[in-house]
Amino acid sequence: MAPLQVLSVFVASFIFMQTLGNSQTCPDCFTRSRAAHYPNSEEKGTETGSCGFGTFGATINGGDVSAASELYRNGLGCGACYQVRCTDGNYCSDKGVTIVVTDQGAGDRTDFILSQRAFARMAQTTDAAASILPLGVVDIEYRRVSCTYPDKNITIKIEESSDNPHYLAFVIWYQQGKKDITAVQLCEV
């Protein structure tokens, strides 16, 4: 094989691999899954979520919150926002609902366990919401979206259980945008 032919085969293979990689990691594409709802959440989320938000976790984002299974990622997924929409065209809106991950949990092959409020807000109307709530689990599509909290700044809440100087625990509230906070560096001033 001539060197030019080898180079042409290599370039064609590289372009094909690059295209496949981009289609598999599309940041704005929807992923198909299933979602359930907290059966006893009294519309809003739970106050005992794994993310440590406490009562704030039940009311952030107006109560449109969720537990996540794989997307929880050992706590790294806490505070992440997702657009979640059910796929039954008879009941579900195209817009769906934007939720905030405040807890870890898994259901019947689901990626999300939504608050009842968030679950119902996937529907086109209140009548449609009354029809999907009794189903308990629905097919969905979801994608990561930016979190927005108008008139709010990122807040670091020091937990009451912190015991200076040996233990410091804190929770980050109102994380804006679409990125994960993977580390926090503290310095003495």
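Whether a residue is touching a Cys at 6+ places or on another chain (Cβ under 9 Å) and open to solvent by 80 Å² or more (accessible area, probe 1.4 Å) was assessed, and Thr148 passes this test. Taking residues in the range 85-102 that are free of Cβ contacts under 8 Å to residues at least 40 places away in the same chain, and partners anywhere that are surrounded by 20 or more Cβ atoms within 10 Å (Cβ to Cβ) and among the acidic types (Asp, Glu), the pairs with Cβ atoms closer than 9 Å and at least 6 places apart or on different chains are Val97/Asp64; Ile99/Asp64. Scanning the range 170-189 for residues that are surrounded by 15 or more Cβ atoms within 10 Å (Cβ to Cβ) and part of a strand (DSSP E or B) yields a count of 3. Count of the range 145-169 residues, restricted to those that are within 20 Å of Gly49 (Cα to Cα), touching a Phe, Trp or Tyr at 6+ places or on another chain (Cβ under 7 Å) and not in a loop (DSSP other than H, G, I, E, B), is 4. Scanning the range 67-110 for residues that are assigned to a loop (DSSP other than H, G, I, E, B), farther than 17 Å from Lys179 by Cβ and open to solvent by less than 30 Å² (accessible area, probe 1.4 Å) gives Ser69, Ser93, Gly96, Gly105, Thr110. The criterion of being part of a loop (DSSP other than H, G, I, E, B), out of contact with any Gly (no Cβ under 8 Å at 6 or more places or on another chain) and more than 13 Å from Ile113 (Cβ to Cβ) holds for Gly52. Total residues in the range 29-66 satisfying the condition of being of a type in the set (Lys, Arg) and either surrounded by fewer than 15 Cβ atoms within 10 Å (Cβ to Cβ) or over 19 Å from Gly136 (Cβ atoms) (or both): the figure is 1. Among the residues of the range 164-178, is there at least one that is over 20 Å from the mean Cα position of the chain (by Cα) and at positive phi? No, the range 164-178 contains no residue that is over 20 Å from the mean Cα position of the chain (by Cα) and at positive phi. Residues in the range 146-174 that are over 19 Å from Gln185 (Cβ atoms) and of a type in the set (Lys, Arg): Lys152 only.
The values are calculated or read from the model by the stated rules, or taken from the named source; none is laboratory data. Computed from a predicted structure; not experimentally measured. Cβ sites come from the backbone with ideal geometry, for glycine too, and all protein chains shown count toward neighbours. With ligands, DNA and RNA removed, areas are computed over all heavy atoms of the protein, side chains included. Shrake-Rupley method; radii C 1.70, N 1.55, O 1.52, S 1.80 Å.
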